[in-house]
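> The following block contains the structure, expressed as structure tokens.
The values are calculated or read from the model by the stated rules, or taken from the named source; none is laboratory data. These numbers were taken from a predicted model, which means no experiment stands behind them. Neighbour counts run over all protein chains shown; Cβ positions are idealised from the backbone, glycine included. In case anyone asks, the SASA skips ligands and DNA or RNA and just uses the protein heavy atoms, side chains included. Shrake-Rupley method; radii C 1.70, N 1.55, O 1.52, S 1.80 Å.
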Amino acid sequence: IELVEYSDQYASDFKRINLEWLEKYGLAEEPDYLMLNDPKGKIIEPGGAVFLARIDHNIVGSAALINEHDGIFELAKMTVVPEWQGKGISKLLLEKCLEKARQLKARKIILFSNSQLQTALQLYLKYGFKHVNVADSPFVTADVKMELEL
């Protein structure tokens, strides 16, 4: 498993693997499409990062770190394709995002999620994320908000 930074050659993979889970759970919304159609403009250029998990030449996972403001970053678009789940790839992606956030002098990481995604929520709790009131969410379907103070 190799973690690589986003480049345009991975645009269709990034979009495909994220739409797969978003649509499976009925969570795809306009902000998702905007981000997935322009990850460079919406995530990277404003000071964020996208990491992809690659096995051989196949992209099997992703995670993004979005620069919100004032040292606050959002963890987003974290997924691993079904056939590669349960192999520790999510942990690698999350750890890479936490490392990058620290490099960028982040003071807090937030995330929005949905209560259907119990495996992901348990992972976030293991890494110290805490549940907070859902506020300021760009997503109608986000019924979970978590934060991690760095």
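> What strands (runs of 3 or more DSSP E), lying completely within the range 1-97, carry at least 2 residues that are at pLDDT 95 or above and of a type in the set (D, E, K, R)?
Of the strands (runs of 3 or more DSSP E) lying wholly inside the range 1-97, those with at least 2 residues that are at pLDDT 95 or above and of a type in the set (D, E, K, R) span 2-5, 72-80.
> Still on this structure: Since ARG54 meets every condition but one in (1) in contact (Cβ under 8 Å) with a residue 24 or more places away in the chain; (2) crowded, with 18+ Cβ neighbours inside 10 Å, which condition does it not meet?
Only one criterion in (1) in contact (Cβ under 8 Å) with a residue 24 or more places away in the chain; (2) crowded, with 18+ Cβ neighbours inside 10 Å is unmet by ARG54, namely (2).
> Follow-up question, since we're still on this one. For residues that are touching a Leu at 6+ places or on another chain (Cβ under 9 Å), part of a helix (DSSP H, G or I) and open to solvent by 70 Å² or more (accessible area, probe 1.4 Å), tally how many sit in the range 103-125.
Residues that pass the stated criteria total 0.
> For the range 26-73, how many residues meet the condition of being of a type in the set (Asp, Glu) and under 23 Å from LEU98 (Cβ atoms)?
4
> To continue, here is another question. Cβ-Cβ under 8 Å, sequence separation 6+ or interchain: first residue in the range 28-44 and within 18 Å of LEU75 (Cβ to Cβ) and open to solvent by less than 60 Å² (accessible area, probe 1.4 Å), partner among the β-branched types (Val, Ile, Thr) and assigned to a helix (DSSP H, G or I). Which pairs?
MET35/ILE43
> Take the residues in the range 126-150 that are touching a Gly at 6+ places or on another chain (Cβ under 9 Å) and in a strand (DSSP E or B); name whichever of them is surrounded by the fewest Cβ atoms within 10 Å (Cβ to Cβ).
The residue in question is GLU149.
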